[in-house]
Amino acid sequence: MVIKSTGKSWFKFFQYEEDRDSPSDVRNLLLIVATLIAAVTFQAGVNPPGGVWQETSQGHIAGRAIYASQPPAFYVFLISNTLALSASILVIISLTYGFPFQLEVIVATISMIVTYGSAIFAVTPGESVRFRYVVAAAAVPFVIRCLIYMFNKFRKE
């Protein structure tokens, strides 16, 4: 049996089409994807790759990330992970705007951000990371969204 190629991309069917896909379906799919990203990045921050030192010995402190002993790689991980978590939380908050229990969703996401921050502070040796970069990475999606909003508002006037 021979399968002939039609020359079309196989994934074209799965791409968004305004005429076919309802806004409700798109919003629901984006919420699922954003929630999955938030869950994975939160877990990775709380339990970093490689785990944590189990006991204090040879210059290592129990409960600190093993991965932090490689500062450049750990920086990339921590900043990328924080950026992904922050962006996914922005998507979740934006897509649930005006929903019932919106206040509770905002309280839960803020609590999750605080929990994530306290966890990475707890497992990251202070000398291996400058936390202002992590905070800046967390702010980037919100700042970019605000800039886009302001740019679009001024452009319409």
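The values are calculated or read from the model by the stated rules, or taken from the named source; none is laboratory data. Remember, predicted model here, so these are calculated numbers, not experimental data. Cβ placement follows ideal geometry from the backbone for every residue including glycine, while neighbour counts extend to all protein chains displayed.
Taking the conditions (1) at pLDDT 90 or above; (2) farther than 18 Å from residue 34 by Cβ; (3) of a type in the set (Gly, Ala, Ser); (4) part of a helix (DSSP H, G or I) in turn, residue 111 satisfies each one other than (2). Look through region 1-59, keep the residues that are over 30 Å from residue 75 (Cα atoms) and of a type in the set (S, T, N, Q), and return whichever of them is modelled with the lowest pLDDT. It comes out as 5. Out of the residues in region 35-58 that are among the hydroxyl-bearing types (Ser, Thr, Tyr) and farther than 26 Å from residue 89 by Cα, which is surrounded by the most Cβ atoms within 10 Å (Cβ to Cβ)? Applying the filter and picking the extreme gives 56.
Exactly one residue among 87, 68 is among the small types (Gly, Ala, Ser) and at pLDDT below 90, and that residue is 68.
In region 114-125, the residue that is nearest to residue 68 (Cα to Cα) out of those that are in a helix (DSSP H, G or I) and polar (S, T, N, Q) is 118. Pairing each residue of region 19-44 that is among the aromatic types (Phe, Trp, Tyr) with any residue that is part of a helix (DSSP H, G or I) and surrounded by 13 or more Cβ atoms within 10 Å (Cβ to Cβ), provided the two are 6+ apart or on different chains, yields C-beta distances under 7 Å for 42/85; 42/112; 42/116.
Of the listed requirements (1) aliphatic (A, V, I, L, M); (2) surrounded by fewer than 17 Cβ atoms within 10 Å (Cβ to Cβ); (3) more than 16 Å from residue 125 (Cβ to Cβ), residue 61 misses just one: (3).
Okay, residues lined up against (1) without any contact (Cβ under 8 Å) to a residue 60 or more places away in the chain; (2) at negative phi; (3) of a type in the set (A, V, I, L, M, F, W, C):
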| residue | (1), (2), (3) |
| --- | --- |
| 69 | yes, yes, no |
| 75 | yes, yes, no |
| 80 | yes, yes, no |
| 84 | yes, yes, yes |
| 87 | yes, yes, yes |
| 91 | no, yes, yes |
| 96 | no, yes, no |
| 104 | yes, yes, no |
| 107 | yes, yes, yes |
